[in-house]
Amino acid sequence: MDTNTILDTGNTAWMIVSTILVLLMTIPGIALFYGGLVRQKNVLSVIMQCVVIVGVVSILWVAFGYSLVFGTSLTDSGSGWGWLVGGFDKVMLRGITPSTLSAGRIPELVFVLFQCMFAVITPALILGAFAERVKFAGFLLFTVLWSVLVYMPMAHWVWGGGFLQQMGAIDFAGGTVVHINAGISALVMAVMAGRRSGYRPGQPMSPHNITFVFMGTAFLWLGWFGFNAGSGLQADGIAANAFLVTHVATCVAALTWMAVDWIHNRKPTTIGACTGAVSGLVAVTPAAGTADLLGAFFIGLITPIVCFYMVAVIKPRFKYDDTLDAFGVHGIGGIVGSVLTGVFATQAITGEGGVQGALYGDWHQLWVQVAATVVSVAFSGVMTFILFKVVDRLVGVRVDRRVEEEGLDIYEHGESAYNH
């Protein structure tokens, strides 16, 4: 009997749990993290955007997104469109039944939903760049178009058999597909939407609820174990390694940002420690399946220093208003992590004949990582610029000045988060 046709109940149970954990990263993770960082008058707008992203992107995903990323009809037929997306053979999950198995001998339906959660969180990360000043209608149209025209092609290129995967690019759980993709789009959106009314470079507007920020960080840290340790699709040693390096890199990054914050601002802040933790989570993501403890330590050490510099020095110097530092943490953290994956990948984790990085003598892998990073940055940046122009022409992006000053919660949603 072919054991590859028999469902693995252990892997299946682990992947169901991982899927739930990744959903927790968006709601309530991102909703609380970003919601706590904005001003009181805009917290519901952030929460609403996160909830709506989960609903809208999930529907798009099961309708045709999964097929575009993991389908094979276009690539198998030799169509010119095959370089962009996989195909339409799995539209509305056609041909997938409860007995259809995916890699890891788990039901393909579980894999569909696991990947759905990645498609959900990626546009949610972008919210941090244009929070407090974008119309709900503009946000909604942009999210739909961006998910279909930017996220889905990128996911196919890296995970669905596309050219970056064939080139040998390593992205275990979303360094390019999720964090660089979202982070670069965040920068473009922040610059094109313009600065918030009253924003002064180098003088951040006070967050309204730092306790929410901590709670959001805790949910992100917890959920990231599903994000990274689940990406091997099996409950095995690679999952265990991803689990370990994710936690260690995050711990090192949180403490490093705290230390830099302490030196730079003379006080260790809660927001700094939380932001540092997130930067570590971001950077270790592409490397979680190939780096060992040494790699985790240095990724956790290097990334928050670079991200802190981007947030505290570069952003004020260039005067762009990346509201919640989506670019400074996710974009830059993703770039650093993607490149360092090409340094710290080791056959101690990947096995004999597996990939290894420049630290172990394989400089080719480092250049592959750099190339994949450049492709991600260029594609995401250009496409977001075009989509911003389209959305602004169709429904408008920026809210009126009065709406911005009074708050999006009341004007856009007719609600107030606090009644006192």
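The values are calculated or read from the model by the stated rules, or taken from the named source; none is laboratory data. Quick caveat: nothing in here was measured; it's all calculated off a predicted structure. Here Cβ is always computed from backbone atoms with ideal geometry, including for glycine, and neighbour counts include all displayed protein chains. The accessibility values were calculated without ligands, DNA or RNA, using every heavy atom of the protein model including side chains. Shrake-Rupley method; radii C 1.70, N 1.55, O 1.52, S 1.80 Å.
Worth pointing out:
- In segment 163-207, residue nearest to Val148 (Cα to Cα) [restricted to those that are in a loop (DSSP other than H, G, I, E, B) and polar (S, T, N, Q)]: Ser197
- Verdict on Lys267 being at pLDDT below 95, assigned to a helix (DSSP H, G or I) and on the phi < 0 side of the Ramachandran plot: no
- Among the candidates Pro304, Pro316, the residue that is of a type outside the set (Val, Ile, Thr), open to solvent by 10 Å² or more (accessible area, probe 1.4 Å) and assigned to a helix (DSSP H, G or I) is uniquely Pro316.
- Condition check for Val57: surrounded by fewer than 21 Cβ atoms within 10 Å (Cβ to Cβ), under 25 Å from the mean Cα position of the chain (by Cα), of a type in the set (A, V, I, L, M) and on the phi < 0 side of the Ramachandran plot: no
- Among the residues of segment 201-248, those identified as closer than 17 Å to Asp292 by Cβ and either touching a Pro at 6+ places or on another chain (Cβ under 9 Å) or not small (Gly, Ala, Ser) (or both) are Asn228, Asp236, Ile238, Asn241, Phe243, Leu244, Val245, Thr246, His247, Val248.
- Residue in segment 215-222 that is assigned to a helix (DSSP H, G or I), open to solvent by 20 Å² or more (accessible area, probe 1.4 Å), closer than 19 Å to Gln347 by Cα and in contact with a helix residue (DSSP H, G or I) (Cβ under 9 Å, 6 or more places away or on another chain) present: no
- Residue under evaluation Trp363, criteria (1) closer than 22 Å to Ile170 by Cα; (2) crowded, with 17+ Cβ neighbours inside 10 Å; (3) of a type outside the set (A, V, I, L, M), criterion not met: (2)
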